[in-house]
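The values are calculated or read from the model by the stated rules, or taken from the named source; none is laboratory data. Note that the coordinates shown come from a computational prediction; the quantities given were computed from them, not determined experimentally. For neighbour counting, all protein chains shown are included, and Cβ atoms are generated from backbone atoms with ideal geometry for every residue, glycine included.
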Amino acid sequence: MASPMVTPPPRPARSIAGPVVLIIVGVVFLLMTLGVLDRYSFGLLFAKYWPALLILWGLIKLIEHEQSKRLGVPSRGIGAGGVFLVLFIICIGLSATQFVRIWPNIRDQIRINDNQDIEDLFGGQTFNYSDELSKEFPAGGTLRINDERGNVSINTSDDAHMVKVSIRKRIRADKQEEADSYNQKTKPEITISDKIVTLNANTQGAGDKGVATDMDISVPRNVELVITGKRGDLNLSGTNGNASINHQRGEVNISDYTGAATLDLDRSSARLQRMKGDVTIQGRANEVAVEDVDGALHLNGEFYESVRLVRITKTVSFRSSRTEMEFSRLDGRLDLDSGDLRADSLYGPMRLNTRSKDISLVGLSGDLRLQDSNGTVEVGVHKAGNIQIENRKGDVQVTVPPNVAFQVEARARSGGEISSDFSELKIESSENQSSATGSIGSNGPRLVINNEHGSIEINKGTVSVAPPTPPPTPGGGKPGKALPAPKAPPEESEN
């Protein structure tokens, strides 16, 4: 008898999830090639909505599974190719989402050069536009300037009643029509409310596009300025009146300026020359250089590269997480970086508290109170004042001209030694410390030195330069209060 034929089980239907996803991706790329959707917009859409592809995939697989149950056929699984595609979508989607989140910070920090942004690396063309604006400026008014991306230059105008702006705009786009649209959306504008004149570059008018606007601005000489800038340089010259500047990711250059200036920086550098008025620099700055200030200088924040000061006529104060410093005048130059502080021809009373810095003060006049650790200290006295030096893990060297009188009390602990060129000083050494006491000349101020894990040298120097001119009293008023005479170091108990 012939055996009955065995009917093979029905094969599962092929899934359409993969083709549907491919169709969607193909349609998106078609819209990009036709110019309906630009690449940047596609990137933002994908970074935001890519989980929708997984949801669509899952819905299709669920519908296919229910259909297979009704037909009584087995449903097809995802398969190796499907698993790979799902994992690929997840990896690319997560990467795109994270990139969009951190992209603003990356873009802020990276600038190829003054006229090119990092977006230039991703294709497209640069389209240039120019324009001019002018507006009558109210007497005694304040000018507010906002430019999110681009260079700003401010100079004085021949017309005392007008503000004039010359505009140069760079737009990154795939084609001319797209750039023209962005240009219309990012027109700079001047508005006036009472005596507040606002000049807005409007670089964000087209969203987060590659639009940079450079502005050359002519203003009345006596004008108060409030400036906000980002991703560009600011140049200011020749005007009078107070200035408040908030700047990020660029460089601020100010010269020949009369009036108080306050700079709030975020990863910007600053170079100031020939200033008449008090200057304040705060925030997080890179390189700072200030020269010829007829006023006080205040620096408060974090300074990541270097600070250079030259000729400041009034009080200089410096505050950071590592260093606190104040003195009354600088006739020479001061350089400060992460490991060194060097200055010449400065006037006390001076207070300096820092750590892990090698310090060199040459031509010091007046009182000094200095505290350091993990660094060497060198002080060259020009005009005597009360001096107190505290140091740890570093040598201390003080140079005194032969015609300068001091009452000396010095102590080196934990193995340090003391040496001196002055025979008037009595030096005593024991197992764990050395001390030096005595007077150089008569009726001099105190020189008190305490050092631990380091030696002390008190040397005889010579006066090789003419004495600097005496500093004027701050504000033309009464002389500033000098530091009190330092106390003698306390006796150490042996352990």
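Things worth noting here:
- The lone exception for residue 494 - which of (1) modelled with pLDDT of 85 or more; (2) surrounded by fewer than 17 Cβ atoms within 10 Å (Cβ to Cβ); (3) over 43 Å from the mean Cα position of the chain (by Cα); (4) not hydrophobic (A, V, I, L, M, F, W, C) it fails: (1)
- Segment 293-306 residues that are outside the structural domain of residue 352 (by TED's automatic domain parsing) and in contact (Cβ under 8 Å) with a residue 12 or more places away in the chain, paired with ones that are buried (at least 20 other Cβ atoms within 10 Å of the Cβ) and among the small types (Gly, Ala, Ser) (beta carbon under 6 Å, 6 or more apart): 303/285
- Which numbered condition residue 394 fails, given (1) under 20 Å from residue 301 (Cα atoms); (2) buried (at least 17 other Cβ atoms within 10 Å of the Cβ): (1)
- Options 344, 331, 358, 372: the member that is surrounded by fewer than 19 Cβ atoms within 10 Å (Cβ to Cβ) and free of Cβ contacts under 8 Å to residues at least 60 places away in the same chain: 358
- Here residue 321 clears all of (1) part of a strand (DSSP E or B); (2) without any contact (Cβ under 8 Å) to a residue 60 or more places away in the chain except the condition numbered (1).
- Scanning segment 183-226 for residues that are modelled with pLDDT of 90 or more, hydroxyl-bearing (Ser, Thr, Tyr) and surrounded by 14 or more Cβ atoms within 10 Å (Cβ to Cβ) yields 186, 198, 213, 218.
Results for (1) surrounded by fewer than 14 Cβ atoms within 10 Å (Cβ to Cβ); (2) modelled with pLDDT under 85; (3) outside any helix (DSSP H, G or I); (4) under 28 Å from the mean Cα position of the chain (by Cα), shown as yes or no for each residue.
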{"residue": "98", "(1), (2), (3), (4)": "yes, yes, no, yes"}
{"residue": "104", "(1), (2), (3), (4)": "yes, yes, no, yes"}
{"residue": "107", "(1), (2), (3), (4)": "no, yes, no, yes"}
{"residue": "120", "(1), (2), (3), (4)": "no, yes, no, yes"}
{"residue": "133", "(1), (2), (3), (4)": "no, no, yes, no"}
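- The residues of segment 227-245 that are buried (at least 22 other Cβ atoms within 10 Å of the Cβ) and either more than 19 Å from the chain's Cα centre (by Cα) or closer than 19 Å to residue 279 by Cα (or both), listed by number, are 227, 229, 234, 236, 239, 243, 245.
- Some residue of segment 375-383 being of a type in the set (Asp, Glu), surrounded by fewer than 20 Cβ atoms within 10 Å (Cβ to Cβ), in contact with an Asp or Glu (Cβ under 9 Å, 6 or more places away or on another chain) and assigned to a strand (DSSP E or B): yes
- Unmet criterion (only one of (1) surrounded by fewer than 16 Cβ atoms within 10 Å (Cβ to Cβ); (2) in contact with a helix residue (DSSP H, G or I) (Cβ under 9 Å, 6 or more places away or on another chain); (3) not basic (Lys, Arg)) for residue 248: (1)
- First in segment 394-419 and within 13 Å of residue 436 (Cβ to Cβ), second anywhere and among the basic types (Lys, Arg), Cβ under 9 Å, 6 or more apart: 400/460; 406/446; 407/446; 408/446; 409/446; 418/411
- The strands (runs of 3 or more DSSP E) located wholly in segment 211-307 that include 2 or more residues which are small (Gly, Ala, Ser) occupy 211-219, 243-248, 261-276, 279-294.
- Matching entry among 419, 338, 434 (being of a type outside the set (A, V, I, L, M), part of a strand (DSSP E or B), at pLDDT below 95 and surrounded by fewer than 16 Cβ atoms within 10 Å (Cβ to Cβ)): 419
- When segment 293-319 is limited to residues that are of a type in the set (Ser, Thr, Tyr) and in contact with a strand residue (DSSP E or B) (Cβ under 6 Å, 6 or more places away or on another chain), the one that is surrounded by the most Cβ atoms within 10 Å (Cβ to Cβ) turns out to be 313.
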